[in-house]
Ligand SMILES: Cc1cc2nc3c(=O)[nH]c(=O)nc-3n(C[C@H](O)[C@H](O)[C@H](O)COP(=O)(O)OP(=O)(O)OC[C@H]3O[C@@H](n4cnc5c(N)ncnc54)[C@H](O)[C@@H]3O)c2cc1C
């Protein structure tokens, strides 16, 4: 039997954030109807009975559930059709949704198709019994005003609700509710949306509002590649990414990342804002920031009036250069960690193993084990083993790191060692037939199993080729130039960036056939 006030809530259950917001919306729906109404959650999906029971525990009186495989992934056109048909069939007075990216999109379509009013991002809601309509409050003009909104007589009155503005009800495991299974009579083939793949984005541990560093990408980052630079920069700085409206509208990132009047207000210590003009609707959200660094190619862009530091540059040339510099610093930090393991009595090294340091370093940079693994070309288990000190990383790990981050491997060395080695290299250069030299990257490791060298073969010159043969294994990475490697009977050509790993018992000779200098990273394992 229909009660006096029928309120519908859209059950957006995908991931923890929407799920919580839906509980808040259910909580508000219960508060609205008091004892005189019914809260129905409309739930579309595949195998969602467990979710339905959960919503009952959080206060839903009834669940209208369409449970079918084709509904496993959200498709806004199909969901709009189903919801509109059900609303026409059951005629609820109110239909409210959480203001997630999907909720906003769905609400606008449903309201348009039914021809009813929709109030977005409400922070309070009340039901006017006499007039039989909702009244709502939502913020306007950069949050400086609160607008009071009422609906026209057409039903249902629709609204999206701001996250965090409404309390959820405590969970009651014993709560009882009605579960209505609606057969799926809708033709999913008629949807114009084809889902190619769906990837779960893990929720971020630090909220944008609490982040110490935020990097924002605006229209001036141009495209997804440009926004990728923004992500990379944020990740290197251990920060969060934000966006202006055009970047969100272009789907370079989700709506949750929007900064400004209709997005989030942030207060980071450092904000790097890239390709943003400085519109008031955006700057309304960055007023509490410590230092603002703006990157814009237009010297007259209004954002420079607000910035502490301005960079007049194209984002597509400046950001990759900055990222490269930061990677060099990052790599230096990792190699410093590695070096400290050999100096347990050094002040910073005391009491911490290499694995613990690496873990702390990774966490400080907000990298997951799989992200560091991806950056270094290792399986995630390798990183976990190194971090738990069950595996001492080989020098080749650091070499891979240098390759992955496109960094000069001489970061292995201290400044003093670099000077010493440069001197030695100079000596070596003259000692060894004027066109072939090497320097050790693992000084003091002459008696160790693993050693690494930077070998330089000067441009194409006729020089005496030395044939090597030694027990163990050898790893060569062509850092610059081209290499001819004669391995036993085989002659191989390796280009810049290529690597080879071989049994060093096999006779091998190295030669530079190009007109450019050839630099090699050579790691030797001697049993
Ligand atoms: C009611 C209302 C609410 C709004 N709420 C918000 C909100 O919450 N948040 C928000 O962000 N917007 C909001 N807007 C939109 C806002 O008005 C602006 O349109 C938006 O902030 C502009 O974003 P932008 O700076 O990225 O783009 P633009 O204003 O187009 O600026 C792009 C900048 O990039 C620079 N540029 C271009 N190419 C390059 C390059 N290659 N290298 C370097 N620089 C380059 C340009 O010189 C320009 O200054 C709202 C608008 C309205 C009407």
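Structure above, values below:
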| quantity | calculated |
| --- | --- |
| Convex hull volume per residue in cubic angstrom - Cα atoms of the range 208-313 | 80 Å³ |
| Theoretical FRET efficiency, 1/(1+(r/R0)^6), r = Cβ-Cβ of residue 281 and residue 391, R0 51 Å, to 0.05 | 0.50 |
| In nm, spacing of pseudo-spin labels at residue 371 and residue 84 (7 Å Cα→C-beta vector) | 4.1 nm |
| Residue 501 paired with residue 128, simple spin-label distance in nm, labels 7 Å along Cα-to-beta-carbon | 7.3 nm |
| Ordering of 184-192, 235-243, 510-518 by packing [mean C-beta count within 10 Å, highest first] | 235-243, 510-518, 184-192 |
| Share of pairwise Cα separations in the range 12-112, more than 17 Å, in percent | 51 percent |
| Packing-based ranking, highest mean first, of 361-372, 254-265 given that Cβ atoms within 10 Å are counted | 254-265, 361-372 |
| Rounded FRET efficiency, nearest 0.05, which uses the C-beta distance separating residue 150 from residue 185 and R0 of 45 Å | 0.80 |
| Segments 213-222, 290-299 sorted - mean Cβ within 10 Å per residue, highest first | 213-222, 290-299 |
| Zero-based 5 Å bins, Cα pair distances in the range 67-213, whole percents | 2, 7, 13, 16, 17, 18, 13, 9, 4, 1, 0 |
| Order of 54, 381, 130, 484 under a 10 Å beta carbon neighbour criterion, fewest first | 130, 381, 484, 54 |
| Taking 33, 274 and counting other C-beta atoms within 10 Å, the order from fewest to most | 33, 274 |
| Ascending count of other beta-carbon atoms within 10 Å, so fewest first, for 128, 389 | 128, 389 |
| Computed over the range 39-87, Kirkwood Rh from alpha-carbon pairs, angstrom | 11.2 Å |
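Any read-out appearing in this document is the output of simple, stated calculations on the displayed coordinates, not a laboratory observation. Nothing here was measured: the structure is a model prediction, and the numbers come from that model. Methodologically, a virtual Cβ is constructed for each residue, glycine included, from the backbone with ideal geometry; neighbour enumeration extends over all protein chains shown.
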